[in-house]
Amino acid sequence: MPNSVSNLAENICQALEGAIGPASDHSCLFRPQFPATAWTYIKDCLDSGWVSSVGQYVDDFETKLAEYTGAPNAIAVVNGTAALQVCFHLAGVSHDDEVLMPALTFVATANAARHQNAHPHFIDIDQNHLGMCPEALEHRLAKIAVRKNGITLNRETDRRLAAVCPMHCLGFPCDLDALASICEEYDLPMVEDAAESLGSTYKGVHTGRHGLLSAISFNGNKVLTTGGGGAILTDNSDLAQRAKHLTRAAKLSHDWESLHDEVAWNYRMPNINAAMGVAQLEVLDELLENKSKLHDKYNQHFASIEELRLVQSPAWGRSNHWLNCIILEDDDIRLRDQILTVLNDAGYQSAPLWLPMHRLPMYTHCSRGDLPNTESIHRRSISIPSASTLAGHSAQDLLG
Ligand SMILES: *Cc1c(COP(=O)(O)O)cnc(C)c1O
């Protein structure tokens with residue numbers, strides 16, 4: 001390893017140690033924190049027998065989630081991927097359509113479109129906030145979009161462009177107003193993949209409140225976890241009702257008869273998972289405060305390293321700081337990998353951001369714009385330990 005590389009790797013290790021102390025089993029990318037009430041609520045499910053698809057915690061969780069985000073409607077489902085699929089369905093995405101989405105995202109964004117038998121169409125990201133770049137979207141649409149009989153088509157594939165799906169990468173809100181005005185210009189609905197960004201805001205309003213529909217994830221690595229889970233947010237009460245109906249086997253209410261009026265999914269969140277969610281929602285502000293403190297500590301300790309920058313909240317919003325990520329100045333994937341080796345060997349769990357979607361075997365043939373930022377960020381990004389327990393407050397301090 002050249003001297004300059006090992007010096008940089010050592011500086012990064014020192015910054016990590018300065019911010020979060022010596023490596024321990026907490027120096028991992030994610031680690032959930034549960035308040036004592038989680039035990040009480042889950043025990044209540046076990047004691048009462050209401051562990052599955054019926055129970056008070058699901059309703060409570062939906063109500064509290066709506067209150068927290070300000071969304072008029074929240075529908076709890078089994079995971080974020082299912083949430084996003086239902087959002088696409090309700091936005092009208094169907095067979096052989098295309099959904100425009102960032103090329104740098106977790107694979108679920110693309111999978112959810114494919115589950116609707118639609119095709120992802122990849123757009124470049126912004127170098128700073130890592131979300132979909134409005135100029136890249138505009139540029140791509142100017143090149144390929146054509147209006148025919150009231151629908152927007154991709155002239156290269158002759159497929160209908162059905163929706164735009166921005167994703168708030170690592171919790172950093174992307175430029176929703178700019179994206180929304182492009183969507184309006186091309187008459188495309190916007191569905192937000194807000195899987196990572198519960199608690200993040202754009203111009204003071206929670207992410208997930210700006211699209212026609214949006215999806216949140218409560219997977220084990222997210223800021224709030226229900227073990228596995230997700231939610232759909234929407235301001236539109238008709239769509240909310242449809243979402244609820246379709247994720248609950250299209251069951252009609254009746255005192256004893258089992259009536260269903262269309263083909264639907266069993267995507268409802270089980271009560272026992274919702275119980276965990278209610279407990280975490282009650283302390284979400286404290287959990288996010290920990291995340292924010294951790295981000296401040298990293299800012300302090302990484303500021304003097306010129307060969308990299310820590311990803312920051314954009315001017316228009318506030319991140320929930322789900323995951324802290326450094327971007328190396330030097331665009332050389334070998335440097336990234338050498339540093340990743342040193343950090344992981346030292347016990348600081350670190351990983352690059354996702355392999356861009358168009359490099360995954362099932363998505364290589366999808367339509368896409370030019371992706372220079374996506375490619376470059378992938379070669380230069382290193383996510384660093386972001387467990388909320390690392391901010392110096394134990395679960396007991398904060399939640400006890
Ligand atoms: C986590 C995540 C999802 C999917 O959530 P699951 O609950 O794991 O299905 C979707 N999109 C993004 C960007 C995510 O990070």
| request: Just one of (1) charged (D, E, K, R); (2) surrounded by 18 or more Cβ atoms within 10 Å (Cβ to Cβ); (3) under 21 Å from residue 293 (Cα atoms) trips up residue 62, so point out which. | output: (3)
| task | Provide a single number: the residues in the stretch 310-328 that are in contact (Cβ under 8 Å) with a residue 40 or more places away in the chain, assigned to a loop (DSSP other than H, G, I, E, B), under 19 Å from residue 175 (Cβ atoms) and of a type in the set (A, V, I, L, M, F, W, C). | result | 3
| query | Exactly one of (1) closer than 17 Å to residue 223 by Cα; (2) within 16 Å of the ligand (Cβ to nearest atom); (3) polar (S, T, N, Q) is unmet by residue 69. Its number? | reply | (2)
| field | Any hit, the stretch 158-176, residues being small (Gly, Ala, Ser), farther than 21 Å from residue 247 by Cβ, buried (at least 20 other Cβ atoms within 10 Å of the Cβ) and touching a Pro at 6+ places or on another chain (Cβ under 6 Å) | value | no
| Hey, residue 93 assigned to a strand (DSSP E or B) and either modelled with pLDDT under 95 or buried (at least 24 other Cβ atoms within 10 Å of the Cβ) (or both) or not | no
| task | Test residue 307 against the stated conditions and say whether it is surrounded by fewer than 22 Cβ atoms within 10 Å (Cβ to Cβ), within 18 Å of residue 9 (Cα to Cα), touching a residue at least 24 places away in the same chain (Cβ under 8 Å) and not aliphatic (A, V, I, L, M). | result | yes
| field | Selection status of residue 84, crowded, with 24+ Cβ neighbours inside 10 Å and within 11 Å of the ligand (Cβ to nearest atom) | value | yes
| query | Which residue out of 375, 306 is farther than 26 Å from residue 102 by Cα, modelled with pLDDT of 95 or more and either in a loop (DSSP other than H, G, I, E, B) or not β-branched (Val, Ile, Thr) (or both)? | reply | 306
| note | Looking across the stretch 316-361 at residues that are of a type in the set (Gly, Ala, Ser) and surrounded by fewer than 21 Cβ atoms within 10 Å (Cβ to Cβ), the single one that is nearest to the chain's Cα centre (by Cα) is 351
| message | Can you tell me which of (1) in contact (Cβ under 8 Å) with a residue 24 or more places away in the chain; (2) polar (S, T, N, Q); (3) assigned to a helix (DSSP H, G or I) is the one residue 63 doesn't meet? | response | (1)
| Of (1) outside any helix (DSSP H, G or I); (2) within 22 Å of the chain's Cα centre (by Cα), residue 279 satisfies all except one. Which? | (1)
| Which one is surrounded by the most Cβ atoms within 10 Å (Cβ to Cβ) among residues in the stretch 67-80 that are part of a helix (DSSP H, G or I) and in contact with a Leu (Cβ under 8 Å, 6 or more places away or on another chain)? | 69
| task | Identify the single condition in (1) in contact with a strand residue (DSSP E or B) (Cβ under 7 Å, 6 or more places away or on another chain); (2) modelled with pLDDT of 95 or more that residue 57 does not satisfy, given that it satisfies every other one. | result | (1)
| message | Just the residues that are part of a helix (DSSP H, G or I) and in contact with a helix residue (DSSP H, G or I) (Cβ under 9 Å, 6 or more places away or on another chain), please, taken from the stretch 341-362. | response | 341, 342, 343, 357, 358, 359, 362
| query | Within the stretch 72-81, how many residues turn out to be more than 11 Å from residue 232 (Cβ to Cβ) and either within 11 Å of the ligand (Cβ to nearest atom) or at pLDDT below 95 (or both)? | reply | 3
| For residue 44: the one exception among (1) farther than 26 Å from residue 272 by Cα; (2) in contact (Cβ under 8 Å) with a residue 24 or more places away in the chain; (3) acidic (Asp, Glu) | (1)
| message | Out of 73, 117, I need the residue that is of a type in the set (S, T, N, Q), closer than 27 Å to residue 187 by Cβ and touching a Ser or Thr at 6+ places or on another chain (Cβ under 6 Å). Which one? | response | 73
| query | When the stretch 32-59 is examined, which residues are found to be within 21 Å of residue 222 (Cβ to Cβ), out of contact with any helix residue (DSSP H, G or I) (no Cβ under 6 Å at 6 or more places or on another chain) and part of a loop (DSSP other than H, G, I, E, B)? | reply | 32, 34
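The values are calculated or read from the model by the stated rules, or taken from the named source; none is laboratory data. No experiment lies behind these values; they were computed from the predicted model shown. When we count neighbours, we look across all protein chains shown, and the Cβ atoms used for this are built from the backbone with ideal geometry, even at glycine.
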